1. Taking the conditions exactly as written (touching a residue at least 60 places away in the same chain (Cβ under 8 Å) and buried (at least 21 other Cβ atoms within 10 Å of the Cβ)), does Glu282 satisfy them or not?
2. Enumerate the pairs (first residue in segment 110-122 and without any contact (Cβ under 8 Å) to a residue 60 or more places away in the chain; second residue anywhere and among the polar types (S, T, N, Q) and assigned to a loop (DSSP other than H, G, I, E, B)) with beta-carbon separation below 6 Å, excluding pairs fewer than 6 apart on the same chain, so at least 6 apart or on different chains.
3. Sort out which residues of segment 260-279 are touching a His at 6+ places or on another chain (Cβ under 9 Å) and open to solvent by 10 Å² or more (accessible area, probe 1.4 Å), and write them in order of number.
4. Among the residues of segment 216-247, count how many are surrounded by 16 or more Cβ atoms within 10 Å (Cβ to Cβ) and away from the ligand (no atom under 14 Å from the Cβ).
5. How about segment 131-150: which of its residues are within 15 Å of Glu296 (Cβ to Cβ) and open to solvent by 10 Å² or more (accessible area, probe 1.4 Å)?
6. Do we have any residue at all in segment 181-201 that's touching a Gly at 6+ places or on another chain (Cβ under 6 Å) and among the charged types (D, E, K, R)?
7. Going through segment 35-52 one residue at a time, which ones are β-branched (Val, Ile, Thr) and either within 10 Å of the ligand (Cβ to nearest atom) or in contact (Cβ under 8 Å) with a residue 60 or more places away in the chain (or both)?
8. Take the residues in segment 285-327 that are within 16 Å of the ligand (Cβ to nearest atom) and more than 14 Å from Ala200 (Cα to Cα), then tell me which one is surrounded by the fewest Cβ atoms within 10 Å (Cβ to Cβ).
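The values are calculated or read from the model by the stated rules, or taken from the named source; none is laboratory data. Values in this document were obtained by computation on a predicted structure and should not be read as measured data. In this analysis, Cβ positions are derived from the backbone assuming ideal geometry, glycine residues included, and neighbour counts consider all displayed protein chains. Keep in mind that these areas ignore ligands, DNA and RNA; they rest on the heavy atoms of the full protein, side chains included. Shrake-Rupley method; radii C 1.70, N 1.55, O 1.52, S 1.80 Å.
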Amino acid sequence: MKFATILGARPQFVKASPLSRGLRQRHQEVLVHTGQHYDYGMSDVFFEELGIPAPDYHLGIGSGPHGAQTGAMLAAVETVLQKEAPEAVIVYGDTNSTLAGALAAAKLHLPVAHVEAGLRSFNRRMPEEINRVLADHVSTWLFAPSEVSRQRLEREGIREGVHVVGDIMVDALRLHGERAAARSRALERFGLRRGAYYLATVHRAENTDDPDVLRGILWALGALDQPVVLPIHPRTEKRVSELGIRAVANVRVLPPQGYLDMLALQRGAACVLTDSGGMQKEAYYLEVPCVTLRNETEWVETVATGWNTLAGTDPERILAAVAQRPGAGTPHPELYGDGLTARRIVEILSAGVPASGLTGATARS
Ligand code: UD1
């Protein structure tokens, strides 16, 4: 079969790495990069490190307001899909590139495979929530990471085409984790001692775009009892400079890190503080406690184990959550599968488009 994969933002490169590899052993894949992330450190380094083939198309859309960015992607992806005429389109996660890819395909009556389906924060003010809900509702194959995500879809009337396959990021970690441990010199480079620092990331619009919230988070990081390294997302860097925030004592700002260095930094940290979805899971897999700088999460299973704490953005709550993080010996059950998610997805896709039709909408009614 011929597939088109649409991606554009950092976490999608990580997720595409294991699936592209498996897919290309049996099928043809056309890779379309929307250009949502365009800096070397946000995009190219991932293709190099993860061995992802160079995109067949680079749409060069770049940044912009949500409507303009998503609309430009929609038009450009449509043109590529018309030219390439794939039999199905693959999208990942919940970014504007996900929505544009899914919508362009559905409008052309091409079946969509959504990897990471059924995730919900139940917060419709997050652009990601809108993207993932809409992508799910136009998809033919919904690859859910867990039973909880399957249930979320069922509550929205989506039963057909749902497959609980585990989390593709476990595959990525298994594929590249050992190389990260062997190759990364990040701890040496930044003068960090294993278990004697915290790793933080902040990039969600709700955390970066409200000055009080951003200031509060940075204040809390500065008040922690061990040094903090903060690989900074371009969005956050811009906001910090607009707000005129200077250096925060105790917090070392780093440029965005590649995947292998980021895994090494997570593995060595005493605790991860983040508003990223992917890092909540990676921290869990690496058995590092996580404090999530949000009031809700899509990855509820990590919270249920006690390894992930939802602290929101109140500085006192953040400090308390770090102080009360779980210690060694806390039970660590397997969540989200065994690292064979890509293989399962390829098997299911190889069986062809299900008879129930394109978007599954009629099957759901
Ligand atoms: C996007 C996703 C988010 C994902 C995140 C991972 C949406 C709505 N959000 O957020 O779900 O967790 O990616 O990083 O799709 N920028 C650069 N260089 C780059 C990329 C971005 O400077 O290479 C700047 C842009 O100027 C822009 C800002 O970062 O102003 C935000 O970029 P955008 O693509 O809108 O969303 P992210 O915040 O990266």
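1. Values: touching a residue at least 60 places away in the same chain (Cβ under 8 Å): yes; buried (at least 21 other Cβ atoms within 10 Å of the Cβ): yes.
Criteria met by Glu282.
2. Qualifying pairs under 6 Å: His114/Ser139.
3. Passing the criteria: only Ser276.
4. 11
5. So in segment 131-150, the residues within 15 Å of Glu296 (Cβ to Cβ) come out as 132-133, 148-149.
Result: Val133, Val148.
6. Narrowing segment 181-201 to residues touching a Gly at 6+ places or on another chain (Cβ under 6 Å): 187, 194.
Now drop any that are not among the charged types (D, E, K, R), which leaves 194.
Looking for residues that are touching a Gly at 6+ places or on another chain (Cβ under 6 Å) and among the charged types (D, E, K, R), one finds at least one in segment 181-201, hence yes.
7. Our first condition is that a residue be β-branched (Val, Ile, Thr); within segment 35-52, this holds for 45, 52.
Listed by number, the list holds a single entry, Val45.
8. If we filter segment 285-327 for residues that are within 16 Å of the ligand (Cβ to nearest atom), which is where we start, we get 290, 292-294, 296-299.
Next, from what is left, pick out any that are more than 14 Å from Ala200 (Cα to Cα): 296-299.
On the way: Glu296: 15, Thr297: 18, Glu298: 26, Trp299: 24.
The residue in question is Glu296.
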